[in-house]
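Read-outs throughout are calculated quantities, based only on the coordinates presented, and are distinct from any laboratory measurement. Since this is a predicted model, take the numbers as computed values, not measurements. As a convention, Cβ positions derive from the backbone with ideal geometry for all residues, glycine included, and neighbour counts pool all protein chains shown.
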Amino acid sequence: MRTTPAQDSAVRPPVPLTGTGGIDRGSGHRLDEAWLAAAWSHPTTRVFVVSGGQALVEETGEGRTELVMMPSFDAPLTEAHRYFLGTDPEGVRYFALQKDSLPGRMDDLARPAGLREAAALLSERHNELLVHAVALENWQRMHRFCSRCGERTVIAAAGHIRRCPACGAEHYPRTDPAVIMLVTDEEDRALLGRQLHWPKGRFSTLAGFVEPGESVEQAVVREVFEEVGVTIGETEYVASQPWPFPSSLMLGFVARATSTELRVDGEEIDEARWFSRDDLRAALESGEVLPPYTVSIAARLMEMWYGKPLA
């Protein structure tokens, strides 16, 4: 069997959004109200607003793009939920405020951006903060009532718990594991698919959610067979990536196919193709194929096989 670049950890490109910004989440402080109050009132503390999965970003004079942050004493606390996100190596504490809308600005430098766009522009530190805030906001908006008794819950632990005042149940942020896999065959071609709701020409790796009572390796085999009718032999875990749209944790794999005939399910996958590297290069250059989002783990899995960044 030919060894592919995907099997060589030395050429694995870094996966964005994976917590390399140096933020200490400080989970031990989340229940310490006195510590949180002191952290909030500290002059170096910085705050940004998140609303509907978006935050304000602005370009700096140095050509960088950053989250729009403010000191805590300037933060718009009215009708806002406050989440503690952590502390950076310089000792700066960060909070996010969840509001129904983003604040206005007196200048035209700031603009709203969602994570898919912002992640390609921000530093890893700001990405780490934004991913955390967006994931908490999504969970908070969708889990306001107790799943045990139906009573409205209240926020606790600096945004990381919802407590039920009626039955005492505690609810924690939901994370849904999903597998995402770059499948290759004996000729070292890559299997890529296009979902029904994607633009014409956009191809990416296959993916799907892990079912109850199922291992992630089993999920890789099942999802590939269900979506395109291809059987899988060897699988190898590569890396993970938080993907809060709304609450997924993507578990990246490379896998070796033991069959190549394609039977597309027509429900999740509308089109699937085997690509050699030359095939993919030509399709990217002509515009026939659009790659996945540059910040996604799908792009990194494809680049591991392709051998260089996607066009």
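Summary of computed values
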| item | result |
| --- | --- |
| Candidates 69, 142, 250, ranked by Gaussian network fluctuation over the chain, Cα under 10 Å, top entry | 142 |
| P(r), alpha carbons of the chain - 20 Å bins starting at zero, rounded % | 29, 51, 19, 0 |
| Förster radius 45 Å - calculated FRET efficiency between residue 225 and residue 37 (Cβ-Cβ, nearest 0.05) | 0.25 |
| Principal axis dimensions, largest first and in whole angstrom, of segment 175-306 by Cα | 42, 31, 28 |
| Förster radius 22 Å - calculated FRET efficiency between residue 218 and residue 185 (Cβ-Cβ, nearest 0.05) | 0.60 |
| P(r) tail fraction, segment 27-142 - alpha-carbon pairs more than 26 Å apart, % | 14 |
| Helix 297-306 axis, angle to the chain major axis (alpha carbon atoms, nearest 10°) | 30 |
| DSSP bridge pairs, segment 27-142: antiparallel proportion in percent, nearest 5 | 80 |
